[in-house]
Amino acid sequence: MSQMGKLQEFRILPKSVDEYIPVVGEERINRLKEIAKPLRGKKVLNINATAYGGGVAELLKTQIAIMQDLGLQVDWNVLTAPPEFYDVTKLFHNTMQGDLKKATDEQKQIYLETVEANAKSLVENYDFVVIHDPQPLAMINYMTAPTGKWIWRCHIDTSTPNEDTWNFLYPYMQNYDAVIFTLEEFVKEGAKLNNLTFIPPSIDPLSPKNSYMAETEVNNLMRNFNVDPDRPLMCQVSRFDPWKDPLGVIDVYRNIKSNQMKNNISGLQLALIGGMANDDPEGWSIYDKVLRKAGEDYDLNIYTNFHNVGDIGVKAFQYASDVILQKSLKEGFGLTVSEALWKGTPVIGGNVGGIKIQIKDGENGFLVNNIQEATEKTTYLLQHPAEAKKMGEAGREIVREQFLCIREIEDHLKLFNKLSQ
Ligand code: UDP
């Protein structure tokens with residue numbers, strides 16, 4: 001049992017960067033090694049809110065492992081906090097994405113006290129401290145003598161933030177030596193931040209979730225999860241979070257299902273795969289809503305990590321699906337989009353945030369603005385499997401070029417080099 005208010009360390013074993021040569025080519029790996037040379041021996045600390053669930057934990061495992069192989073000493077610490085802290089930080093997450101609620105003074109106090117306690121437990125010196133998302137953001141103010149360069153990495157879609165939360169968090173952002181957002185549109189107009197940098201996230205092509213899986217194994221796993229591999233399947237993989245719009249995905253499925261005969265699609269199935277992240281207290285209530293809406297439709301399967309859908313299960317669903325949806329209403333990036341494209345599956349995504357840079361409309365999937373458009377495009381891809389396959393293949397190449405971990409690590413190392421000057 002961890003001690004509340006004390007940073008908890010997670011160990012990651014190094015991963016050989018040379019293993020990525022067959023995926024991205026020797027030139028890119030050599031370039032990465034060159035960029036890493038001046039940083040050998042530098043100490044880096046990453047701090048975030050959870051070691052399990054959600055995109056940040058996913059990204060960190062790979063980045064830390066590869067940076068270690070490149071010669072940096074990289075640590076990973078996770079906040080420990082009482083449940084009410086996560087209620088506040090989920091509220092920050094939601095309001096930074098545009099929700100209109102307001103945090104009370106008492107909630108802000110809970111946030112600051114927890115962050116302070118965690119900050120006080122950090123005694124080691126680092127060359128670079130990378131703080132992820134709003135949960136540990138204010139830590140910088142509680143370090144008696146912050147050493148090295150401090151970088152805040154925001155992973156969420158802050159294109160239309162709630163003024164109240166932005167105004168509360170903004171002064172902390174200003175204290176950082178550098179701030180990373182995924183997209184320019186996520187930075188509030190007029191914000192003055194040091195070394196503002198834009199870096200899109202990425203996926204690890206060799207992780208258990210993204211490595212190759214043979215069709216027979218995919219089909220076996222699908223049968224295990226009560227999905228018929230011989231019938232069409234649409235799927236969304238994401239936390240049970242209102243911004244991911246799982247209820248909208250059910251509407252899309254029902255729209256198509258009710259017109260199956262007319263559209264020449266038969267036996268359509270939907271899978272909603274949604275892990276419960278440790279730092280997301282809203283998950284279960286959204287899950288309940290989804291179950292209620294799903295009713296007794298046995299072609300609609302809803303699974304969580306509690307049904308044993310781990311990385312391998314997610315991979316199987318991303319391979320098995322004819323279409324993957326990521327019908328988000330706000331989205332920092334959406335790793336699930338690149339994950340599906342990497343498996344050659346086309347994606348229909350909400351026309352928001354980081355999804356817009358991964359989906360080239362009509363090339364590797366479609367960007368949609370509402371349930372009607374999502375219904376039309378999903379129907380189209382289900383009716384045109386050859387075209388869907390081509391789009392999936394195009395998607396894999398777009399991901400290879402732009403959204404693999406080697407590129408993201410390179411971007412981070414370039415920033416470290418810049419800050420070292
Ligand atoms: N994920 C998972 N199991 C699930 C749901 C999600 O492993 O049931 C993973 C998903 O594959 C992806 C990450 O969690 O790697 C979610 O990242 P994304 O950027 O899509 O969204 P976030 O949760 O960070 O908002």
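The values are calculated or read from the model by the stated rules, or taken from the named source; none is laboratory data. Given the structure is predicted, the values throughout are model-derived calculations rather than measurements. Methodologically, a virtual Cβ is constructed for each residue, glycine included, from the backbone with ideal geometry; neighbour enumeration extends over all protein chains shown.
What the table below lists for this structure:
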{"quantity": "Residue in the range 375-383 that is crowded, with 17+ Cβ neighbours inside 10 Å, polar (S, T, N, Q) and either within 20 Å of the chain's Cα centre (by Cα) or closer than 26 Å to Phe181 by Cβ (or both) present", "calculated": "no"}
{"quantity": "Selection from the range 278-309 of residues that are in a loop (DSSP other than H, G, I, E, B) and among the hydrophobic types (A, V, I, L, M, F, W, C)", "calculated": "Val309"}
{"quantity": "Residue check, Asn219 assigned to a loop (DSSP other than H, G, I, E, B) and more than 16 Å from the ligand (Cβ to nearest atom)", "calculated": "no"}
{"quantity": "Cβ-Cβ under 8 Å pairs, at least 6 apart or on other chains, the range 308-333 side closer than 17 Å to Gln358 by Cβ, far side more than 8 Å from the ligand (Cβ to nearest atom) and of a type in the set (Asp, Glu)", "calculated": "Lys327/Asp245; Ser328/Asp245; Leu329/Asp245; Lys330/Asp157; Glu331/Asp157; Gly332/Asp157"}
{"quantity": "Per-region count, the range 317-329, residues farther than 18 Å from Tyr253 by Cβ and crowded, with 24+ Cβ neighbours inside 10 Å", "calculated": "0"}
{"quantity": "Pairs where the first residue, in the range 255-266, is within 16 Å of Ala374 (Cβ to Cβ) and of a type in the set (D, E, K, R) and the second is assigned to a helix (DSSP H, G or I) and modelled with pLDDT of 90 or more, C-beta under 7 Å, 6+ apart", "calculated": "none"}
{"quantity": "Candidate set: the range 313-325, residues that are more than 10 Å from the ligand (Cβ to nearest atom) and outside any loop (DSSP other than H, G, I, E, B); chosen: the one nearest to Arg396 (Cα to Cα)", "calculated": "Tyr319"}
{"quantity": "Lone qualifier among Ser328, Ser338 - being hydroxyl-bearing (Ser, Thr, Tyr), in a helix (DSSP H, G or I) and touching a helix residue (DSSP H, G or I) at 6+ places or on another chain (Cβ under 7 Å)", "calculated": "Ser338"}
{"quantity": "Selected residue (only one of Ala36, Ala49 is of a type in the set (A, V, I, L, M) and more than 19 Å from Lys414 (Cα to Cα))", "calculated": "Ala49"}
{"quantity": "Positions within the range 61-90 being in contact with a Ser or Thr (Cβ under 8 Å, 6 or more places away or on another chain) and in contact (Cβ under 8 Å) with a residue 60 or more places away in the chain, in sequence order", "calculated": "Lys61, Thr62, Val78, Leu79, Thr80, Ala81, Pro82"}
{"quantity": "Test: Val252 is under 23 Å from Asn351 (Cβ atoms), in contact (Cβ under 8 Å) with a residue 24 or more places away in the chain, more than 16 Å from the ligand (Cβ to nearest atom) and surrounded by fewer than 20 Cβ atoms within 10 Å (Cβ to Cβ)", "calculated": "no"}
{"quantity": "Residue selected from the range 131-173 under the condition without any contact (Cβ under 8 Å) to a residue 12 or more places away in the chain and assigned to a helix (DSSP H, G or I), by the criterion farthest from Ala49 (Cα to Cα)", "calculated": "Glu163"}
{"quantity": "Yes/no for Lys418 being surrounded by 15 or more Cβ atoms within 10 Å (Cβ to Cβ) and either in a loop (DSSP other than H, G, I, E, B) or basic (Lys, Arg) (or both)", "calculated": "no"}
